[in-house]
1. Tell me which label goes with the value of percent of Cα pairs over 28 Å apart computed from the coordinates here: (i) 37; (ii) 51; (iii) 33.
2. With springs connecting C-alpha atoms under 10 Å apart, model the chain as a Gaussian network and identify which of GLU28, GLU127, GLU164 has the largest mean-square fluctuation.
3. Using the Karplus curve 6.51 cos²θ - 1.76 cosθ + 1.60 with θ = phi - 60°, work out ³J(HN,Hα) for each residue of segment 160-168 in order, rounded to whole Hz, and write x for Gly and Pro.
4. State the answer as a single residue: which of PRO187, ALA72, HIS104 lies farthest towards the positive end of the charge dipole of the chain, with beta carbon charges of +1 for Lys and Arg and -1 for Asp and Glu, about the Cα centre.
5. Let me check against my output: what whole-number percent is the relative contact order of the chain, with C-alpha pairs under 8 Å and at least 6 apart?
6. Based on Cβ point charges of +1 for Lys and Arg and -1 for Asp and Glu, what charge dipole magnitude is obtained for the chain about its Cα centre, in debye rounded to the nearest 20?
7. So what's the projected area for segment 163-261, the Cα convex hull averaged over all directions, in nm²?
8. Cross-link candidates for LYS233: which aspartates and glutamates have Cα within less than 15 Å, leaving aside residues fewer than 8 places away along the same chain?
Amino acid sequence: MAMLEIRGLRKSFGGVQALAGVDLHVDEGEIVSVIGPNGAGKTSFFNVVTGLFLPDRGDILFEGKSIAGLEASEITKAGIARTFQNVRLFPDMTVLENVMVAQHCRTRSGIFRAILRTPFMRREEAEIEERAREILSFFGSRLVGYRFDQPAMSLSYANRRRLEIARAMATRPKLLLLDEPVAGMNPRETAELTGLIRKLRDEQGFTVVVIEHDMGVVRDVSDRVAVLDHGVKIAEGAYEEVSTNAEVIEAYLGRPAGAGR
């Protein structure tokens, strides 16, 4: 059974069809990349899967149970976390606080215990802080030490990207959806984050779906690649198959493969 199974997913905005009957499955332990030209429907796909938009038609199964139409918070609790194309952090909170607050979807203290600062609440808060430190250590020296107490707004762009991944990890997901994780990074930063994506699966045990424009990253991390164009899945398979597919080349270049030679 697939961890995530998408069946005939459709979503329109006015007269624009963002998703036109997309089928896709993601097996446990896979890294699957979703690629396509601008306007292909990639981010809309993530937005529907994570509950930001309701699907018009189709179904989304996570571990065999339909999550189509659930609130975003319910989908997070089910075990799906994501990052965004445009980084969304709490800029005035510290690095540590950004990761701690993400864990509150899993807390048991409740408002009453929080107000009274009960021993149970204090123990749970200490556990949350310890786990936040552990998650941040996954990124090496980038987000630890003195950076724990730095506001997120003071971080470099690449470190804000890393922090957003750390915050997603803190929700204790089984499935991570990464929306253009290396966008805006230089070659050195891109290479480092490419390695981190593989480690998310190999060392942390996450199943990962990546939206990415950098084909070098797609080549290096993907077990399978799915290609969207105008909301339609036009190809799926290993990177080598997809990158030489005539329909995929036409979608990216706007002309048939081999034309103009």
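Laboratory data are not the source of any read-out in this text; all were calculated from the coordinates shown. Just so it is clear, the structure is predicted and the values come from calculations on it, not from any experiment. Here the Cβ positions follow ideal geometry from the backbone for every residue, glycine too, while neighbour counts run over all protein chains shown.
1. (i)
2. It is GLU127.
3. Result, ordered by residue: 5, 4, 4, 5, 5, 5, 4, 5, 5 Hz.
4. With unit charges placed on the Cβ atoms, the residue in question is HIS104.
5. Values: 469 pairs, mean separation 69.0, N = 261.
Relative contact order of the chain: 26 percent.
6. Using only the charged Cβ atoms, the result is roughly 700 debye.
7. Computed as one quarter of the Cα hull surface, the answer is 7.5 nm².
8. GLU5, ASP23, GLU241, GLU247, GLU250
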